[in-house]
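I have placed the structure first, in the form of structure tokens, so that the comments after it can refer back to it.
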2 protein chains.
Amino acid sequence: MIRMIAGIDIGGTNVRVGTVPEDGSTIHGVTAELTQAEGTVDQIKRMLQQSVDKTTDELGSSDFEVVGVGIGAPGPLDRKTGTVLLSPNLGWVNEPIRDSVADASGLPTSLENDANCAIFGEWWRGAARGGRVVVGLTIGTGVGGGVVLNGEIFHGVSDAAGEIGHASIDTNGRRCKCGNYGCLEAYASGPAIANRAVEGIEAGAHSNVLDFVDGDLSAITAKTVSDAALSGDQFCADVIRETAHFLGNAVANLVNIFNPDIVVICGGVTLTGVHLFKPLQHQVVRRAFDPSVAACKIVPGALPGTAGIFGAAGAFLSQRDNKG
Amino acid sequence: MIRMIAGIDIGGTNVRVGTVPEDGSTIHGVTAELTQAEGTVDQIKRMLQQSVDKTTDELGSSDFEVVGVGIGAPGPLDRKTGTVLLSPNLGWVNEPIRDSVADASGLPTSLENDANCAIFGEWWRGAARGGRVVVGLTIGTGVGGGVVLNGEIFHGVSDAAGEIGHASIDTNGRRCKCGNYGCLEAYASGPAIANRAVEGIEAGAHSNVLDFVDGDLSAITAKTVSDAALSGDQFCADVIRETAHFLGNAVANLVNIFNPDIVVICGGVTLTGVHLFKPLQHQVVRRAFDPSVAACKIVPGALPGTAGIFGAAGAFLSQRDNKG
């Protein structure tokens with residue numbers, strides 16, 4: 001009998017669900033859908049059942065039992081009550097998502113921040129394995145962050161720690177949606193990367209990225225910028241390099257503050273590989289203290305699309321085992 | 001018999017030594033001298049003996065025994081070997097200060113970073129008592145930092161964590177001595193505060209601070225700026241407010257990253273009180289996430305001149321007790 005945990009990764013764009021055995025050795029029943037603006041809770045319950053059914057198919061004759069559910073959700077949340085306090089993207093205010101899912105599944109269920117889950121997943125089963133002090137960034141619709149110290153997610157005093165995307169790198173910089181100025185997210189999120197490309201093209205820069213979007217500026221995304229850079233487009237390579245500059249500045253700060261052994265950077269933009277990581281590393285070497293730079297490796301996430309599922313399942317195990 | 005620990009706080013400007021009972025309830029034998037450029041190690045050994053003698057005088061007939069020595073020293077260091085790797089101000093390279101002091105005193109001795117000691121002292125006996133997640137800044141010749149999590153100094157993986165003064169708040173900002181750009185230290189250290197005042201006066205600003213230095217611009221320090229602000233000088237109050245702006249930006253970042261319950265700010269400039277803390281708090285409220293702001297209080301250090309001694313003694317106890 002394999003004991004498994006279902007992990008649910010609720011994002012502003014996608015909901016992803018899968019099942020992971022307690023030793024984290026593999027993943028099954030992975031399902032992903034666009035996040036529904038209405039009825040998200042029902043969608044999650046339905047996808048959970050789908051994932052368990054799919055796991056049954058995949059495992060064939062192997063006997064397994066799902067013994068718990070871990071949820072990763074955006075927004076400030078209260079782990080103790082299992083409530084998401086506020087998620088504008090999902091339209092949630094004080095949403096008791098943990099208990100809704102627990103009632104529907106009849107299983108013990110945990111709630112954890114989505115970015116924390118992604119970084120914890122990378123620590124548990126991905127690129128940050130073995131790290132003692134792990135700091136991570138997730139680059140998507142926003143820029144999320146998470147800190148894993150000695151194998152435990154660092155929560156701060158009210159579950160709000162790790163908002164690295166909202167640490168400012170420029171005191172007088174771009175206004176961020178959060179109200180602050182110069183947040184990393186205002187420069188390095190997916191939409192911010194796309195915006196910087198559009199701004200450049202509107203100002204007259206030549207770029208083949210337009211071929212990737214049939215000439216439609218409004219269709220440019222971080223992915224098309226990244227694809228164009230990989231295809232040899234110089235302008236988009238510059239946009240990625242600029243992104244690396246901002247990220248490198250933020251990572252240098254984190255290296256000086258945390259003296260980590262691993263900084264892990266997750267999200268689609270990391271697929272540009274050397275375009276991103278070489279100038280990023282250069283900035284960190286230039287800006288951070290030598291002994292801390294020497295102690296730290298900076299790596300792309302190794303679990304694209306599943307880090308959040310692994311992490312949500314792993315966070316369930318942590319919460320269960322620390323409790324009992 | 002009172003068991004006591006001697007704490008030695010080695011700064012670029014002053015060396016301070018004192019003795020603290022194991023329960024941290026009080027402090028005795030406090031001595032302070034300007035740091036000698038040459039022969040610092042001999043100075044430290046001499047001051048340690050002076051402090052013990054002074055403690056004997058102060059305690060009169062009370063029986064006590066010094067059972068250990070804690071050293072707080074600047075620069076990157078290796079706690080395991082008890083070595084300061086590099087301290088330009090002290091002219092030290094790979095200085096085995098822990099064993100030098102242990103040999104001279106015949107007592108078990110520990111080494112810890114000086115800023116970590118100050119913040120740990122504030123946690124143990126000062127303004128950050130009871131804090132679970134404490135982040136602190138020390139404003140002096142430089143801007144140091146320290147993080148205390150659940151009563152333990154957070155060291156990172158190679159004893160270099162907590163360099164909050166060298167987290168950049170402006171990616172294209174002032175060049176810092178460390179090589180980075182826009183470090184908090186480049187704006188909010190004592191010399192940086194003095195420089196900003198001098199720059200303003202050279203550019204034509206009127207200020208009574210000149211009365212505090214007999215008209216000698218080169219004699220302006222953070223203390224004279226602070227004194228002038230307290231005496232009602234508008235220009236110097238503005239310089240302090242500007243300092244609060246920079247500090248508030250950095251503290252907002254720390255609040256978003258650590259979700260602390262206490263941020264403690266140490267150093268002479270905090271004596272300007274409301275001139276500094278009101279605009280600092282305003283920046284944090286404006287910039288950081290509401291739930292984290294609500295969970296956090298921002299306080300001045302309560303142990304001016306002795307936080308580092310308390311913390312060095314406390315760090316000795318931590319290292320001893322964690323060892324076994």
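Rule-based calculations on the coordinates, nothing more; no lab input. Small disclaimer: the values here were computed from a predicted structure and weren't measured. Please note: Cβ atoms are built from the backbone with ideal geometry, for glycine as well, and neighbour counts cover all protein chains shown.
Worth pointing out:
- In degrees, nearest ten, helix A:307-323 long axis to first principal axis of chain A (Cα): 50 degrees
- Global geometry of segment B:241-324, whether rounded, prolate or oblate, following the gyration tensor of its Cα atoms and the 1.5 cut on a/c: oblate
- In nm, spacing of pseudo-spin labels at B:Arg175 and B:Leu34 (7 Å Cα→C-beta vector): 3.0 nm
- Highest-MSF residue in chain B out of B:Val30, B:Val93, B:Val284 [GNM, Cα springs under 10 Å]: B:Val93
- Percent RCO, i.e. relative contact order, over chain A, from Cα pairs under 8 Å lying at least 6 residues apart: 20 percent
- Each of A:Asp170, A:Asp290, A:Asp261 has some number of other Cβ atoms within 10 Å of its Cβ, and from fewest to most they run A:Asp290, A:Asp261, A:Asp170.
- Label-point separation, A:Glu152 to A:Glu199 (7 Å along Cα→Cβ), nm: 4.2 nm
- For B:Glu58, inter-copy label distances in nm, listed shortest first [label point 7 Å out on the Cα-Cβ vector]: 6.6
- Amide H to amide H distances under 5 Å link B:Val143 with no residue, where only residues 5 or more positions off or on other chains count and H is placed in the peptide plane.
- With contributions of -39500 (n - 2.57) from each DSSP H run of at least four residues, the per-residue ellipticity at 222 nm computed over the protein assembly as shown stands at -12500 deg cm²/dmol.
- Helix axis angle, A:190-202 relative to chain A longest principal axis, alpha carbon, degrees: 20 degrees
- FRET efficiency estimate (nearest 0.05) - Cβ-Cβ, B:Arg320 to B:Glu58, R0 22 angstrom: 0.35
- Other copies of B:Pro108: label-to-label distances in nm, shortest first, labels 7 Å along the beta-carbon direction: 3.9
- Relative intensity of segment B:130-300 on a log10 scale, I(q)/I(0) at q = 0.12, 0.16, 0.17, 0.18 Å⁻¹, equals -0.53, -0.91, -1.01, -1.11, per a Debye sum over C-alpha point scatterers of equal strength in the absence of solvent.
- Whole-Hz ³J(HN,Hα) from phi, Karplus 6.51 cos²θ - 1.76 cosθ + 1.60, for segment A:66-73, glycine and proline x: 7, 10, x, 10, x, 10, x, 9
- When A:Ser318, B:Ser168 are sorted by how many other C-beta atoms sit within 10 angstrom of their C-beta, beginning with the fewest, the order is A:Ser318, B:Ser168.
- Counting only DSSP beta bridges with both residues in segment B:130-300, the antiparallel share comes to about 55 percent.
- Per-bin percent of Cα-Cα distances, the protein assembly as shown [10 Å]: 3, 15, 23, 23, 18, 10, 5, 1, 0, 0
- Computed packing ranks the peptides B:242-248, B:66-72 as B:66-72, B:242-248, most packed first, by mean other Cβ atoms within 10 Å.
- Other residues with beta-carbon under 11 Å from the beta-carbon of B:Leu217 carry, at +1 per Lys or Arg and -1 per Asp or Glu, a net charge of -4.
- Within the straight-line cut-off of under 15 Å between alpha carbons, the aspartates and glutamates reachable from B:Lys223 are B:Asp211, B:Asp214, B:Asp233, B:Asp238, sequence neighbours fewer than 8 places apart in one chain being disregarded.
- Paramagnetic label zone (point 7 Å from Cα along Cα-to-C-beta, A:Lys223; backbone N under 13 Å) in segment A:294-309: A:305
- Pairs over the 29 Å Cα-Cα cut-off, from the set A:Lys177/B:Lys177; A:Lys278/B:Lys177; A:Lys297/B:Lys177; A:Lys297/B:Lys80: A:Lys177/B:Lys177.
- Among beta bridges from DSSP that stay inside chain B, the antiparallel ones total about 55%.
- Computed lengthening from A:Asp214 to A:Ser231, 0.36 nm per intervening residue step minus Cα-Cα distance: 4.5 nm
- Partner shielding of A:280-289 amounts to 3, given as the average count of beta-carbon atoms from other chains within 10 Å of each residue beta-carbon.
- For B:Arg175, the distances from its label point to the matching points in the remaining copies are 3.5 nm, ordered from shortest, with each point set 7 Å beyond Cα toward Cβ.
- Chain B comes nearest to the axis taking it onto chain A at the Cβ of one residue; that residue and its distance, in whole Å, are B:Asp170, 3.
- Near the amide H of A:Gly301, within less than 5 Å, lie the amide hydrogens of A:Ile265, A:Cys266, A:Gly267, all on another chain or at least 5 residues away, with H placed in the peptide plane.
- Shielding by other protein chains, B:54-64, mean Cβ within 10 Å: 0
- Residues A:Ser218, B:Ser226, B:Ser100, arranged from fewest to most other Cβ atoms within 10 angstrom of their Cβ, appear as A:Ser218, B:Ser100, B:Ser226.
- The residue list B:His275, B:Val251, B:Ile220 was ranked by how far each Cα lies along the charge dipole of segment B:207-324 toward its positive end, using unit charges on Cβ atoms, and B:Val251 comes out on top.
- Reciprocal of mean inverse Cα separation for chain A (Kirkwood radius, Å): 20.1 Å
- Averaged over the residues of peptide A:151-159, the number of Cβ atoms from other protein chains lying within 10 Å of each residue's Cβ is 5.
- Close amide-amide hydrogen proximity is noted between B:Arg174 and B:Gly182, each under 5 Å apart and 5 or more residues distant or on a separate chain (H modeled in the peptide plane; Pro and chain starts excluded).
- C-alpha long axis of helix A:114-125 to longest principal axis of chain A, angle in °: 80 degrees
- A:Asp103 paired with A:Lys278, simple spin-label distance in nm, labels 7 Å along Cα-to-beta-carbon: 5.6 nm
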